[in-house]
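The structure under discussion appears below in the form of structure tokens.
A short reminder: the numbers here are calculations on the coordinates, not readings from a lab. In this text, all values refer to a predicted model and were calculated from it rather than measured experimentally. Cβ sites come from the backbone with ideal geometry, for glycine too, and all protein chains shown count toward neighbours.
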Amino acid sequence: MMDMQTILLRITFLLQLTKKSFTCFCFLGFLWSQEASIKGFILDSKNRAPIHGANVFAKELGVGTVSRVDGHFILDNLPEGKVSITIAIIGYEEVDKSIFLEKDILDIGVVFLTREVINVKEVVVNSHLELQPKKFSSNSYIVGNQYHTELKMSLASTLEEEVGMSIRSMGQGTRQPVLRGYAGDRLLLTEDGITAGDLSNTSIDHSISMDMISYNSVKIIRGPEALLYGSNTIGGVIDVSRIIDPNARFEDPNFQAILGHESSNKGVFGNIVCNLPFKDNHQLRFSMLGRNAEDQVTPVGPLLNTALTNSELLGSYTYFGKDYRSTFSYGLLNMDYGIPGTPEGHIDGVDITMDKSMQRFSFHKDISFMGFQTLDVDQRYIDYSHYESEKGSSYPAVSLGQKIFSLQNIFKNRYLQFGSLIQYRSFKAGGFYWTPDTKEYKIALFGLFQKKYNDFVMQISSRAEYLSVLPNTSDLNPSNLNANEIKNRAFPLFSFAVALYKNWKNFEISIGTMVTGRAPGIEDLYSDGPHLGTYAYEIGMPTLEQEQIIGLEASITYKSDISFFRFTGYQNSSPNYHISSKMGNCEEEFIDGQGHPCAGADYIEWGSGSTGWLYKYQLEGISSAIIGFESDFKYEMTGKLNFSGSISMIRGNNTLTNLPLSYMPPDKFLFSTNYDLNPVFLSLQFKKVSSQTRLGEFETVTKGYLTADLNGSYVIHSTRMTHKLVFQIGNIFDETYYNHLSRVKMIMPEKGRSVSIQYRILF
């Protein structure tokens, strides 16, 4: 029987043959550029492994490229004569080279990069590294190999082990990230810097419209830089970037495929991405993914009605000019998933369908205008629809939809980023969920200034927004709201942040503050109807004022050749913190004569084939404070073996009543050991979560737990291909545990032991 390596090598031969045939067919008759170019390979000096995503750029000329999966790069459109290039990627020491070019392709051979003093994360690919702002101490980037090894079905699951990160959910299709206790509209989720365009920020039952197998990196951004993305960023920004990267330019076709299986839901998934350059300056990109998963299995049985299917198609065209780049893309996404049933409203569960189409045009140009070096323009149009129906019913009880048009531009130089945003949103609701058709208009100006003074670095950012909310008042029939209060609203928002960094020997000290305002959403203002997916009858507050939050963060970091340690403390206060609370008085938890478990609470009878109820919830503003600290470390015992860990603790209080805020994550402790023996990588991780006994309104105690996970990968490099096998064994000991932030913890625990296998090929 053939071993795995022999099989993969044969697959490699067949794929190479197919690729060569395809290339000859597609590119016959095309003439390749004869201008001056530089090519070579970039390898790790320690293990000789190819480095994917290294930046190669000629700063004076504003020309750059990135290395491919096999480490190969080619830098085109260079003038004859002496040219200086820089090769860099975070985690490695920069390499500078001065090269004399003639009108031809110069092969500089292999360039070896040496690893820097220990660095926890890598950086996102960008050909203008010198224009990137210094990252705040608690920022983190997950890219490349680390992302692939930690990749799971949802964004929240992929980020779950990051310091300060938790998950809220109503089943496997609705897992949403919680960062430092903030979720929803206080935690900004973006795709390549612009809103994702779904409704996941408005409700816990709304799935994020992103399948992580079509992405290649995630950034968690805090501090002054966060205001470049939006005003509602006190929790931070989570920005994801696709495998189809407009900054990457290839001289020949590039393909990537992923196939995978997960045992806990009998899930199968796959993704294909291809980059097809033609002529000198044109490039086509295509991406296709599919996923199918059955009900989530737990140690005590399946969580019924949590199956999901997901599909996505995306295509783009890019033209590379001498000093500019323009890209047009269009994509379609469809997702069907279920919400498990509870006695609250719908015993049999809820089925949800969401569809999204997205069109994008982006333009990048190297400029020389008023001291700015680059201009980026991004235009997007998103059409999103969402339908909820009782299990077994074909009639949607709730329908939601929105259309978003946005236009953003950003100017950059070494010290300053300045930009503007124009955004239009049209929102519609139907079925039993009453909210008037509403339009939103948003205008924003924002900027970030950064300057270095000796050992100090200062960052200052600000953002000014004007949001106009215009409900259709021609046909108002709310059940609980006062129709006279439903009127146009305007929210002028101003946000400001400043951070200061000081380097001293092996230490870096940073301190920052942020003052930001967040406008209430359309649903927060005007909703008045049953929302099946949340087990609630939701009532807004048309007079709700904007939420203001003042944040303070301080951090100290230590780095040496073999160790890394960071401690961060933060506090966020708000005089008008928006919460949604049950109406009425719920003093006792028991089954009363009317059949619901919360005596005195306001509710409505609801059921389709089964008797149930929906509690009434209404928005209000309270005074709040959230305080917490985080600490993480890494120690490199040898060049192959290292240890890492983290601690996250959060406390949230209603400062008027001195009672805990609801849905605050419990304390979390992580410890992992990583063994890197190229081409094999192994990681064993233990997670201890404490009991949550600090309870907000209507919460119940959640017991603590200890779980263990094992991740690993095996890589085979051939001449032009890379094969990668990734396996994950989650909850090795099949621990029965409950997530405090899960809305279905009263029904079932979290998933038990799960084995996931991914096969990835790049060529």
Problem set entry | Candidates per trypsin sites (Lys or Arg not before Pro) in the range 712-748, loop by DSSP, up to 11 other Cβ within 10 Å | none
Problem set entry | Per-residue HN-Hα couplings for the range 622-635 [Karplus 6.51, -1.76, 1.60; θ = phi - 60°; Hz; x = Gly/Pro] | 10, 8, 9, 8, 10, 10, x, 9, 9, 8, 9, 8, 8, 10
Problem set entry | Normalised convex hull volume, the range 690-763, alpha-carbon set, Å³ per residue | 119
Problem set entry | Packing-based ranking, highest mean first, of 334-340, 498-504 given that Cβ atoms within 10 Å are counted | 334-340, 498-504
Seminar exercise, completed: At q = 0.16 Å⁻¹, the log10 of I(q)/I(0) for the range 387-535 from a Debye sum over equal Cα scatterers comes to -0.93
For this session: Determine the relative contact order of the range 140-762: mean sequence separation of Cα pairs under 8 Å and six or more apart, normalised by residue count, in whole percent.
Result: 11
Exercise. In whole Å, what three semi-axes, largest first, describe the equivalent ellipsoid of the range 394-457 built from its Cα gyration tensor (square root of 5 times each eigenvalue)?
Worked result: 43, 13, 9
Seminar exercise, completed: Which of LYS687/LYS751; LYS724/LYS751; LYS322/LYS452 exceed 21 Å between C-alpha atoms? The answer is LYS724/LYS751; LYS322/LYS452
For this session: Could you check the simple spin-label distance between THR86 and LYS428, using points 7 Å along Cα→Cβ, in nm with one decimal?
Result: 5.1
Exercise. So, by mean Cβ neighbours within 10 angstrom, what's the order for 196-209, 748-761, 441-454 with the highest one leading?
Worked result: 196-209, 748-761, 441-454
Exercise. Could you give the length gained on full extension between SER326 and LYS451, defined as 0.36 nm per residue of separation minus the Cα-Cα distance, in nm?
Worked result: 42.0 nm
Exercise. Going by average Cβ neighbours within 10 Å, how do the peptides 732-738, 664-670, 273-279 rank, with the highest at the top?
Worked result: 664-670, 273-279, 732-738
Problem set entry | Orientation-averaged projected area, Cα convex hull of the range 140-762 (nm²) | 28.1
For this session: Please report MET649, MET370, MET514 as a ranked list, fewest other C-beta atoms within 10 angstrom at the top and most at the bottom.
Result: MET370, MET649, MET514
